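Input: a single structure, listed below in structure tokens.
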Amino acid sequence: AETGVHARPLIENQTNYTAVSYRYTPEIAQLRSTQAAYPLSVERRYTQVPSGLPQQVRTLSDNLTAPASSSYESAKAIEQWLEQNKNYSLNATHPPGTDPVAHFLFEADAGTAEYHASAMAVMLQAQDIPARYVTGYATGEAIQNQSDSYAVRPVNTHAWVEVYFPGHGWVP
């Protein structure tokens, strides 16, 4: 609702289009020093954890972020734990009726980008850090003989987390 590109009417298959964007990349020192003074609309919507979130997910999040002195450090702690403890797999699933985040964190050895991003977003939200689960596309495949042109296909779908930093907005 805050940002994004929305095609109206919907774009048909095989349609070619051009998009130009600017990528804002704040310095790590700026993010580390950001104070947790979130806009109320962001805080209300993006710090809500799912009802019925298993306590073990909260406990893991508490333990991972305990040494952190900023939202940035909390996010890095969770991100690094996931990178060090969970592999990536396109074939991961969870049993019906189980909490997908808890299953991924405590039972599975690997997960898709969706599992990784969901787990990180929920653990940050459990720390009252605004985070959102985002889906979209990776860069795709460079088109030969066409500078800065890429073919983006369904196989390039991806999921990631964005964290809100006051003064900087949403940062992947």
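The values are calculated or read from the model by the stated rules, or taken from the named source; none is laboratory data. Computed from a predicted structure; not experimentally measured. Reconstructed Cβ throughout: ideal geometry from the backbone, glycine too, with neighbour counts over all protein chains shown. SASA here: full protein model, heavy atoms, side chains in, ligands and nucleic acids out. Shrake-Rupley method; radii C 1.70, N 1.55, O 1.52, S 1.80 Å.
Mind checking the angle between helix 71-85 and the chain's longest principal axis? C-alpha axes, 0 to 90 degrees, to the nearest 10. The two axes meet at around 80 degrees. Kirkwood analysis of the chain, using all unique Cα-Cα pairs, places the hydrodynamic radius at 18.0 Å. Result for the chain in a Gaussian network model with C-alpha springs under 10 Å: among S70, S21, S33, the largest mean-square fluctuation is at S21. Here the chain has 48 percent of its accessible surface on carbon and sulfur atoms, given a 1.4 Å probe and all protein chains in place. Within the set of other residues whose C-beta is less than 14 Å from the C-beta of E141, count the net charge using Lys and Arg as +1 and Asp and Glu as -1. Here the charged neighbours net out to 0. Between N91, N13, N156, the Gaussian network model of the chain with springs among Cα atoms under 10 angstrom shows the greatest mean-square fluctuation at N13.
Distance between the pseudo-spin-label points of A110 and Q146 (7 Å out from Cα toward the beta carbon): 3.3 nm.
Per residue, the chain exposes 68 Å² of accessible surface when a 1.4 Å probe is rolled over the protein heavy atoms with every protein chain present. Only Cα pairs within less than 10 Å get springs; with that Gaussian network setup on the chain, which residue of E27, E73, E83 has the largest fluctuation? The residue that fluctuates most here is E27. With n ≥ 4 as the cut-off for DSSP H runs, can you work out [θ] at 222 nm for the chain, using -39500 (n - 2.57) per run divided by the number of residues, rounded to the nearest 500? Calculated at 222 nm, the ellipticity per residue is -10000 deg cm²/dmol.
For the chain, the longest principal axis of the C-alpha atoms and the axis of helix 55-65 are separated by about 80°. For the chain, the longest principal axis of the Cα atoms and the long axis of helix 113-125 meet at an angle of about 50 degrees.
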